[in-house]
Amino acid sequence: MTERNKDVVVLTGAGSIGIAIARRVGAGKHIVIADLHLKNAEATVKGLYNAGFECSAASVDISSRESILSLIKTAQEIGKITRFINAAGVSPSQAPIEAILKVDLYGTAVLLEEIGKVIEEGGSGVVISSQSGHRLGVLSQEQSDLLATTTTEELLKLSFLQSGEVKDTLHAYQLSKRCNVLRVMSEAVNWGKKGARINSISPGIIITPLANDELNGP
């Protein structure tokens, strides 16, 4: 039986990096593990439960605001959201341009916005970005500002994110990860007003299933 009103850790994306972070911060809390594929989340829950963690599985499509709001409701029925880890996303070898922008760029922006509304005072979050976002090259100040501050539902309408402007899936991924960092910088102000922190991490090459897809892909 789950104890209600516990501190809740929300993990989106049942991948290796996100799980490692959840193990470090999840002791004594309830970890909600959400993934696009419920079976992945359930398998992760089984492993963490057997390691002594209290956790539950959920399904989420971070490209959908409705799905994100449903996940938040599920987490709040357990307790207060005090920690947030976003490790959800698709790589250049896993999806077309449109899907990468919808999931990695737009989806992360919506997560930051909606989790930021409910994060508890003293809470914290982390977005797993990528070193790839720093390999994009120089964007104009105007483009950076637009990625950082454009209203979430208008993000995918930006001219430099349109078909013909984004060269390939790698370019889409790099733009998305650069946007992640910029959105975190912008949203940190809103999180700070609630007494909470949000940071991004840009890992280098770490051998995970996603990294293996890239190393063995085009």
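Readers should treat all values here as calculations from the given coordinates under stated rules, not as data from a laboratory. Here the structure is a predicted model, which means the values were calculated and not measured. Here Cβ is always computed from backbone atoms with ideal geometry, including for glycine, and neighbour counts include all displayed protein chains.
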Query raised in the report: Of Lys39/Lys117; Lys117/Lys177; Lys29/Lys80, which ones are farther than 19 Å apart at the Cα?
Result: Lys39/Lys117; Lys117/Lys177
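On average, how much area does the Cα convex hull of the range 109-211 cover when viewed from any direction, in nm²? Each step should come with its number before you reach the end.
Numbers: hull surface 28.7 nm².
Over every viewing direction, the Cα hull of the range 109-211 projects on average to 7.2 nm².
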Query raised in the report: Angle between the Cα long axis of helix 108-118 and the longest principal axis of the chain, 0 to 90 degrees, nearest 10?
Result: 40
Report task. State the label only: which of [x] -0.33; [y] -0.37; [z] -0.47 corresponds to log10 I(q)/I(0) by the Debye sum over Cα atoms at q = 0.09 Å⁻¹ computed from the shown model? Result -> [x]
Report summary line: Connecting every pair of Cα atoms under 10 Å apart in the chain and solving the GNM, the largest mean-square fluctuation among Ser64, Ser91, Ser163 falls on Ser163
Query raised in the report: If R0 is 35 Å, what FRET efficiency do you get for Ile206 and Glu114 from their C-beta distance, rounded to 0.05?
Result: 0.80
Query raised in the report: When the chain is modelled as a GNM with alpha-carbon springs shorter than 10 Å, which of Gly18, Gly116, Gly192 fluctuates the most?
Result: Gly192
Query raised in the report: What does the helix-only formula give at 222 nm for the chain: each DSSP H stretch with n ≥ 4 adding -39500 (n - 2.57), the total divided by the residues, and the result rounded to the nearest 500 deg cm²/dmol?
Result: -13000 deg cm²/dmol
Requested in this report: Could you work out the relative contact order of the chain, using alpha carbon pairs under 8 angstrom and six or more residues apart, expressed as a whole percent?
Outcome: 22
Requested in this report: Treating each Cα of the range 1-112 as an identical point scatterer and ignoring solvent, apply the Debye formula and state log10 I(q)/I(0) at q = 0.11, 0.20 Å⁻¹.
Outcome: -0.32, -1.01
Report summary line: Checking rank on 66-77, 172-183, 29-40, 132-143, with mean other Cβ inside 10 Å and highest first, the result is 172-183, 29-40, 66-77, 132-143
